[in-house]
């Protein structure tokens, strides 16, 4: 889905449209766009020239120089946020214009809330805002991939879910995306304090590189008295948020033998244990963001998602800590068993690789190996399987915690069947995944909710067999990541939209068809698919097929399917015989009032 630009840590934006010292005298009449629409062609032509040249030009230190640090700058005609056709909807702020922001560096973050790479850049931008609170304003330009993501209420939920505290504009028809020549998520563009477009970066970027860029260009504008350092505050959506018992629950795991539910209360940074009647037994985690180990009251998480239960051990995919955590349910304690607390780089998708060792197997020591957005977990026999959403792979770690590494996926984001792993990193001719986000199994295959391709994949436990697609887009010659919809029926007719949850039972795969607001069931052998619950409208009604709002996880005990109804902050139930939808009430769980 995203064109990737590899980062080189240094004092520059990696894909700099303009870089180098000098004044802006080289901006000729030909480079003066008369409309925002003309900005696209100019930006793209210059960006392509830089990429074709294959050069990266680091900005030189200009603190004491009289010249503007950018050799060329593109004037932005008019007000790009003041669209003539249709209403531009703002979140976290009243409507903004470039005129209002004159004197500030403006960083436009083009993102879409399904995108794991966009999630990764949010903490980078947060650090940037904290370091330069009066010099830089970040604006999130939400340019949707999926139809569901065009809805402003859904974007508001994403803002609250990820604790985004800068302005966001809903670019639902890609007006700004097209104007600035953007072609991948995430993309950052920089506008200088005088209102000129000066730089662009496509793909993820490390804070050190972004910080180095601004360290080099801020001094000139400060010395020239072009910076307005007046503090600026915004009316954030969090100020209107009502406290809830659960907050964006991501996954639910049903323990049939003990009739318990384990719920990742993701945005409360904790795990809730309840019986099937809603009586809360335990809460694991203090609720603070962190990665502290210890007893239930001391331990901390950062937006946990997937869970797996093995005997008296609960495994937790601690997504934003980039860790796997282990809960000893008998001792009531939490420990870290994999990850080092930072996101693995793209190059680290194959641990153990060196210049002399390119081929697999690729394994590292779990506690010394960085990992990248683990989203879902599954235990089979003596192994823990991990949906590693960041590098688009399935990883494996023995339960003895002796090693960790990729089990399937060449780390190329796509929906392609084939051998489990390539012969060399990123090699073609092997399986590809696209942000895997849910796991389940029948003992022969691990079934994967492959969200960005809106597909259900089958990963064989027999390593001699290839990865297959149960239902989805793998057979298409192209556009595999952008083919989605809401169609039930035979395998070849089925369209899904960003599936996040799966649960296998007796030849059937129950799925959370997340962006269609539906729960469906897929025949594991034929791929035939039908809707079990959900009218397709977002809401909380239990009547008829019921209403959901981006359900993300599900699990089953007997005839009851339990659903993590994420944007509704609820756990829902579906009686599979009567088709009755219900809403759980919890005893022993109070709404959480969070500091703002």
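Can you sort 484, 213, 301 from fewest to most other Cβ atoms within 10 Å of each residue's own Cβ? Each step should come with its number before you reach the end.
On the way: 484 24, 213 28, 301 31.
With the sparsest Cβ surroundings first, the list reads 484, 213, 301.
So, R0 is 56 Å and r is the distance between the beta-carbons of residue 487 and residue 365; what FRET efficiency does that work out to, to 0.05?
Values: r = 46 Å, r/R0 = 0.82.
The formula returns an efficiency of 0.75 here.
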Find the centroid of the Cα atoms in region 349-372 and in region 90-125, then give the distance between the two in whole Å. 35 Å
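Arranged by the count of other C-beta atoms within 10 angstrom, fewest first, what order do 399, 101 take? All intermediate terms of the calculation are to be shown ahead of the outcome.
Details: 399 16, 101 19.
In increasing order of surrounding Cβ atoms, one gets 399, 101.
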Alpha-carbon centroid distance for the pair region 230-277 / region 145-163, whole angstrom: 17 Å
If I take R0 = 30 Å and measure r between the Cβ atoms of residue 526 and residue 174 in this structure, what FRET efficiency does the formula 1/(1 + (r/R0)^6) give, to the nearest 0.05? 0.20
At 4 °C in a medium of viscosity 1.567 mPa s, region 385-487 has a Stokes-Einstein diffusion coefficient, with Rh taken as the Kirkwood radius over alpha carbon pairs, in µm² per second, of 96 µm²/s
Using only the alpha-carbon atoms, how far is helix 207-223 inclined from the longest principal axis of the chain? Give it as 0 to 90 degrees, nearest 10. 30 degrees
Could you run the Debye sum over the Cα atoms of region 84-182, one equal point scatterer each and no solvent, and tell me log10 of I(q)/I(0) at q = 0.13, 0.15 Å⁻¹, two decimals? -0.43, -0.58
If you average the sequence gap of Cα pairs under 8 Å that are 6 or more apart and divide by the length of the chain, what percent do you get for the contact order? 10 percent
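Starting from the coordinates of the alpha-carbon atoms of region 163-223, obtain the Kirkwood hydrodynamic radius over all distinct pairs and give the value in Å to one decimal.
Details: mean 1/r = 0.0738 Å⁻¹.
Result for region 163-223 stands at 13.5 Å.
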Fewest Cβ neighbours within 10 Å first, please rank 475, 147 accordingly. 475, 147
To test your reading of the geometry: what angle, between 0 and 90 degrees and rounded to tens, separates the Cα axis of helix 152-161 from the longest principal axis of the chain? 80 degrees
FRET efficiency (residue 347, residue 417; Cβ distance; R0 25 Å; to 0.05) is 0.50
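Please figure out what share of the DSSP beta bridges in the chain is antiparallel and state it in percent, rounded to the nearest 5. It would help to have the intermediate numbers written out before the result.
Values: 111 of 124 bridges.
Of all bridge pairs located within the chain, approximately 90 percent are antiparallel.
At 0.36 nm per residue, and after removing the present C-alpha to C-alpha distance, how many nm does the segment from residue 312 to residue 165 gain when stretched out fully? List each step's numbers first, then the result.
On the way: separation 147, 0.36 × 147 = 52.92 nm, distance 3.92 nm.
The span from residue 312 to residue 165 would gain 49.0 nm if fully extended.
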Measure nothing fancy, just the Cα-based angle from helix 36-53's long axis to the longest principal axis of the chain, in degrees from 0 to 90, nearest 10. 80 degrees
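Coordinate-derived values only; no laboratory data. Since the model is a prediction, treat every value here as computed from it, not as a measurement. Using ideal geometry, Cβ is built from the backbone for each residue, glycine included, and neighbour counts are taken over all protein chains shown.
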